[in-house]
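The structure appears below as structure tokens.
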Amino acid sequence: MCNRFKQSKRAGEVAEHFQAWDEIEDTPRYNVAPTDKILVVRQQSGKRRIGSMRWGLIPKFATAIGKSHLIARSEDITRTPAFRDLVKSNRCLIPADAFYEWQAMGGIRQPYAFELKSKDLFAIAGLFDTWQGPTQTVESCVILTIEPNSLVADIHDRMPVIVQKRDYDLWLNSEDVKAALQVLKPFDENLMKRYPVSRDLNNPKNDNPQSAAEITLEPQIQGTLFE
């Protein structure tokens, strides 16, 4: 499902990677959770801009801030009312350096981190919208998912869409929607790695490097997961 991920790179590194106008504070996050404020890259006035948005898209036609969209199936976005207009003009990239999924066996929920072998930043495809209420304006976004590659498939049936760096402009700028949609595909598993992290990560309040660090599974847990 991808309901947690990591945005732990320094602000300058994020700005340099995306060649973007920097409006962000240097606040590394190791356990980003739904409804948190997250970093988002979008195109504005001909330049890439990094800002913050609420994770959990509130459609502009919503009458109130209620249930929001955390993820969206990329195969459905051109048909779903909340997303079909956003695909034309409100595409964005969400910086990340890992995302998490959980392996469930018995009573154990073991989190795994998925990252690039290079440990570089990557970009998750997203859409954003602006909701205007009586007393506040909320910018929010949704993460797009796709069928998993072989590295993710035995843990979950979906993964976030990771956009190749060469396709950043195509996703952010292209007026040809059909061409932009071509970037929505599973990322090459050969460029990725996964590893177990502490089950402290299960609690979104544990937002620290220790919870996100690679661990060695205890023998009894490893046996439970893979027997």
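The values are calculated or read from the model by the stated rules, or taken from the named source; none is laboratory data. Keep in mind that what you see is a predicted model, and the values were worked out from it rather than measured. Virtual Cβ from ideal backbone geometry, glycine too; neighbours counted across all protein chains shown.
Among the residues making up segment 92-129, those that are touching a strand residue (DSSP E or B) at 6+ places or on another chain (Cβ under 7 Å) and among the β-branched types (Val, Ile, Thr) are Ile94, Ile124. Among the residues of segment 38-57, are any under 13 Å from Val142 (Cα atoms), of a type in the set (Gly, Ala, Ser), at pLDDT 90 or above and touching a Ser or Thr at 6+ places or on another chain (Cβ under 6 Å)? Looking for residues that are under 13 Å from Val142 (Cα atoms), of a type in the set (Gly, Ala, Ser), at pLDDT 90 or above and touching a Ser or Thr at 6+ places or on another chain (Cβ under 6 Å), one finds at least one in segment 38-57, hence yes.
In this structure, is Lys119 under 19 Å from Phe187 (Cα atoms), of a type outside the set (A, V, I, L, M) and assigned to a loop (DSSP other than H, G, I, E, B)? Here the answer is yes, as Lys119 does meet what is asked. Would it be correct to say that Ala104 is at pLDDT below 95, in a loop (DSSP other than H, G, I, E, B) and more than 19 Å from Phe122 (Cβ to Cβ)? So Ala104 fails the test.
Among the residues here, Trp21 qualifies as in contact with a strand residue (DSSP E or B) (Cβ under 6 Å, 6 or more places away or on another chain) and without any contact (Cβ under 8 Å) to a residue 40 or more places away in the chain. Just the residues that are surrounded by 16 or more Cβ atoms within 10 Å (Cβ to Cβ) and at pLDDT 95 or above, please, taken from segment 74-90. Within segment 74-90, Ser74, Ile77, Phe83, Leu86, Val87, Asn90 qualify. Among the residues making up segment 123-159, those that are in contact with an Asp or Glu (Cβ under 7 Å, 6 or more places away or on another chain) and not in a loop (DSSP other than H, G, I, E, B) are Phe128, Thr130, Ser140.
Of all the listed residues (Ala62, Ala98, Ala113), the sole one being farther than 21 Å from Pro186 by Cα and either in contact with an Asp or Glu (Cβ under 8 Å, 6 or more places away or on another chain) or modelled with pLDDT under 95 (or both) is Ala62. Scanning segment 100-120 for residues that are surrounded by 13 or more Cβ atoms within 10 Å (Cβ to Cβ) and over 12 Å from Met192 (Cα atoms) returns Tyr100, Glu101, Trp102, Gln103, Met105, Ile108, Gln110, Pro111, Tyr112. Entry remark, segment 1-19: residues being in a loop (DSSP other than H, G, I, E, B), farther than 17 Å from His69 by Cα and touching a Leu at 6+ places or on another chain (Cβ under 9 Å) number 1 in total. Scanning segment 1-54 for residues that are touching a Pro at 6+ places or on another chain (Cβ under 6 Å) and within 17 Å of Arg91 (Cβ to Cβ) turns up just one, Leu39. Please state which of the following conditions Val87 fails to meet, knowing it meets all the rest: (1) aliphatic (A, V, I, L, M); (2) in a strand (DSSP E or B); (3) over 14 Å from the mean Cα position of the chain (by Cα); (4) closer than 18 Å to Leu144 by Cβ. Val87 satisfies every listed condition except (2). If you go through segment 25-79 and keep only what is in contact with a helix residue (DSSP H, G or I) (Cβ under 7 Å, 6 or more places away or on another chain), aliphatic (A, V, I, L, M) and not in a loop (DSSP other than H, G, I, E, B), you end up with Leu39, Val41, Ile50.
Conditions (1) in contact with a Ser or Thr (Cβ under 8 Å, 6 or more places away or on another chain); (2) over 30 Å from Gln110 (Cα atoms); (3) modelled with pLDDT under 95, marked per residue:
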| site | (1), (2), (3) |
| --- | --- |
| Cys141 | no, no, no |
| Glu147 | no, no, no |
| Asp157 | no, no, no |
| Tyr168 | no, yes, no |
| Trp171 | no, yes, no |
| Leu184 | yes, no, no |
